[in-house]
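Contents: one structure, followed by commentary.
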Amino acid sequence: MTELNILEKFVQENSILPSQCAYHTRRDALNKAGKKAGKMRILVLKADNIARVEYICPECSHHGYHESQWQRPFSFKCNKCNSTIKVPKMKEQFKREMKAVNKAGK
Ligand SMILES: [Zn+2]
């Protein structure tokens, strides 16, 4: 699996502290069938409110990087296959995962 290293480098080179981040997360990216097929890491600095997104596209497995104004709800397009990748809210994704876990347990 490709490692997400673009943002890692950015954080290290700029000595980004957690206190400088408005938002910082790693998520699984779901494909159209709802399966976890990719991943993403999002970093938003308080200073510029720009979302820096590094991702593995869940549709085409492209490892890409995207920057745009941070807003909610947030989505962006894969720069290879042009699929829209949505960033689920933490709560919603958590609920969906709990549901899946409960189902599997029965
Ligand atoms: Zn893609």
Principal axis dimensions, the chain - Cα atoms, whole angstrom, descending: 47, 30, 25
Relative contact order [Cα under 8 Å, 6+ residues apart], segment 37-80, whole percent: 32 percent
Sites matching GluC sites (Glu not before Pro) across segment 1-84 that sit in DSSP coil, with at most 16 neighbouring C-beta atoms within 10 Å: Glu3
Cβ-based net charge around Arg52, under 12 Å, with every Lys or Arg adding one and every Asp or Glu removing one: -2
Helix 90-105 vs. the chain, principal-axis angle (Cα, 0 to 90°, nearest 10): 30 degrees
Reachable lysines from Lys80, criterion Cα separation under 24 angstrom, eight or more residues apart if same chain: Lys9, Lys32, Lys35, Lys36, Lys39
Formal net charge of residues neighbouring Gly34 (Cβ-Cβ distance under 12 Å; K, R +1; D, E -1): +4
Relative contact order (%) - criterion: Cα under 8 Å, at least six apart; region: the chain: 18 percent
Summed residue charge, Cβ within 9 Å of Ile6's Cβ, Lys/Arg positive, Asp/Glu negative: +1
Positive-end extreme of charge dipole, the chain - chosen from Asn82, Ala47, Met98 (charges on Cβ): Met98
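FYI, it's all coordinate maths here, none of it is from the lab. Keep in mind the model is a prediction, meaning the values are calculated, not measured. Positions of Cβ are generated from backbone atoms using ideal geometry, with glycine treated the same way; all protein chains shown enter the neighbour counts.
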